């Protein structure tokens, strides 16, 4: 971290200690969110989400393949994330970075644990199942990629159409109906800066945070949790954040 980053970090921490945020939001307030479903017409399903200045695009491709040996009658879900170099000066071309791997895993875990995609319904016949490829592209990074990506993935899943399958071949451009969707899963991310807990941290706040937690929920239960950074949360803080994750999660689900 260079001297300018240290100065910015100290400024943000001092500001939050005074009960203020850099963009003047309340501590429990999300930035403005817009969702555009069908952003990629050629994809089976797609969506683009703006969360403040953070922008994430998700495309879904479906194909027919072989199931996993331990789940022979279930479809296959594969989630990949790419942090495009144009999205941030800190993103570099090349093999997947730890940040992109973590992003893909957090989104994937929420989808799986919530049964957002009904994998058993994707069984075709012996040794043949539908495979759902969820590709995440971070176009602009201004903090909280997790919630933007998870929301875009859920919107793309709800937008997804099943291609027709005839005589052992996938018929591109013809559709048999929508993908069968289960629970609506979203994630809510909180940053701890000093003693303050902030919903939807922006990039400056992420630079200054001591700890981060991302909680994936359906309307009824918590289905996944991911903690980041070296700091920790007390038991009371965790319980309050779980309650907040349901409240904020319902706000995000309403946008879908």
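Readers should treat all values here as calculations from the given coordinates under stated rules, not as data from a laboratory. Because the structure is a prediction, the values reported are computed rather than measured. So basically every Cβ, Gly included, is an ideal-geometry build from the backbone, and we count neighbours across all protein chains shown.
For residue 242 and residue 11 in the same chain, what is the full-extension length gain: residue separation times 0.36 nm, less their Cα-Cα distance, in nm?
Taking 0.36 nm per residue and subtracting the Cα distance, the gain is 80.3 nm.
In degrees, nearest 10, range 0 to 90: what is the angle between the Cα axis of helix 235-255 and the longest Cα principal axis of the chain?
Around 50 degrees separate the two axes.
What does a probe at residue 29 reach in region 191-221, counting residues whose amide N is under 18 Å from the point 7 Å along Cα→Cβ?
Hits in region 191-221 for residue 29 at 18 Å: 191, 196-206.
By how many nm would the segment from residue 251 to residue 118 grow when fully extended, if each residue of separation counts as 0.36 nm and the alpha-carbon distance is taken off?
45.5 nm
Between residue 175 and residue 220, what length in nm is gained on full extension when 0.36 nm per residue of separation is reduced by their alpha carbon distance?
Gain on stretching residue 175 to residue 220: 13.0 nm.
Tell me the angle of helix 145-159 to the major Cα principal axis of the chain, expressed in degrees between 0 and 90 and rounded to the nearest ten.
Computed tilt is about 30 degrees.
Compute the whole-percent fraction of alpha carbon pairs in region 3-255 spaced more than 22 Å apart.
Tail of the P(r) past 22 Å holds 56 percent of the pairs.
Once you keep just the Cα pairs under 8 angstrom separated by 6 or more residues, what percentage relative contact order results for the chain?
Reported relative contact order: 21 percent.
Under a plain spin-label model, where a point goes 7 Å from the Cα along Cα-to-Cβ, how far apart in nm are residue 73 and residue 101?
3.5
For region 224-256 and region 120-180, what is the centre-to-centre distance using only Cα atoms, to the nearest Å?
Spelled out, the Cα-based centre of one part sits 27 Å from the other.
Okay, helix-only estimate at 222 nm for the chain: each DSSP H run of n ≥ 4 adds -39500 (n - 2.57), divide by all residues, round to 500 deg cm²/dmol; what do you get?
-9500 deg cm²/dmol
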